[in-house]
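The structure appears below as structure tokens.
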Amino acid sequence: MVNYFQDTIFQTDSLTAPGLGTLMEVAVNNLFSTRDYTMIITVQNINTNVVVRLDGSIDNVNFAPLIGDQTITTNGQSIFSVTGRPVKWVRPNFVSESGGTSAVVTISIAAA
């Protein structure tokens, strides 16, 4: 738990199969409030492609894409951003993998 006001929050997840990353609370009254999000995706051992996105929620029940599906076709880093979309929760989503099952997807999120 954060015990002082801050303006940027960071989190990193490594996923070896499609699924959700760690849920991240990005708005708490009097502590922090974010509306801009950046994902840096690092892919290793890709076969054909991986699809990732960043989901957001106001109520921690209903989620929608903040950064829509991004198809990545090569190993390495990719960066995606969105601004001006305040939510209370975000979660990385490794949506799918094609051509095999050996990809390692590391999703780093910055919320400001």
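Observations on the model:
- Counting other Cβ atoms within 10 Å as a rough exposure proxy, the listed residues ARG53, ARG85 run ARG85, ARG53 from fewest neighbours to most.
- The chain, relative contact order in percent, only Cα pairs under 8 angstrom and at least six apart counted: 44
- For the chain: rounded, prolate or oblate by the Cα gyration tensor [a/c cutoff 1.5]: prolate
- Label sites at THR12 and ALA112, each approximated as a point 7 angstrom past Cα along Cα to Cβ, lie 1.9 nm apart.
- Each residue of region 93-107 is assigned a 3J(HN,Hα), and the resulting list reads 9, 8, 6, 7, 9, 10, x, x, 9, 9, 5, 10, 10, 9, 10 Hz, derived from the Karplus form 6.51 cos²θ - 1.76 cosθ + 1.60 (θ = phi - 60°), x at Gly and Pro.
- Comparing SER14, PRO86, ILE72 along the charge dipole axis of region 9-111, the residue lying farthest to the positive side is PRO86, per the Cβ-charge model.
- Subtracting the Cα-Cα distance of VAL28 and ASP59 from their residue separation scaled by 0.36 nm leaves 9.9 nm.
- When LEU54, LEU23 are sorted by how many other C-beta atoms sit within 10 angstrom of their C-beta, beginning with the fewest, the order is LEU23, LEU54.
Quick note: the coordinates plus some simple rules give every number you see, no bench work behind them. These numbers were taken from a predicted model, which means no experiment stands behind them. Backbone-built Cβ (ideal geometry, glycine too); neighbour counts: all protein chains shown.
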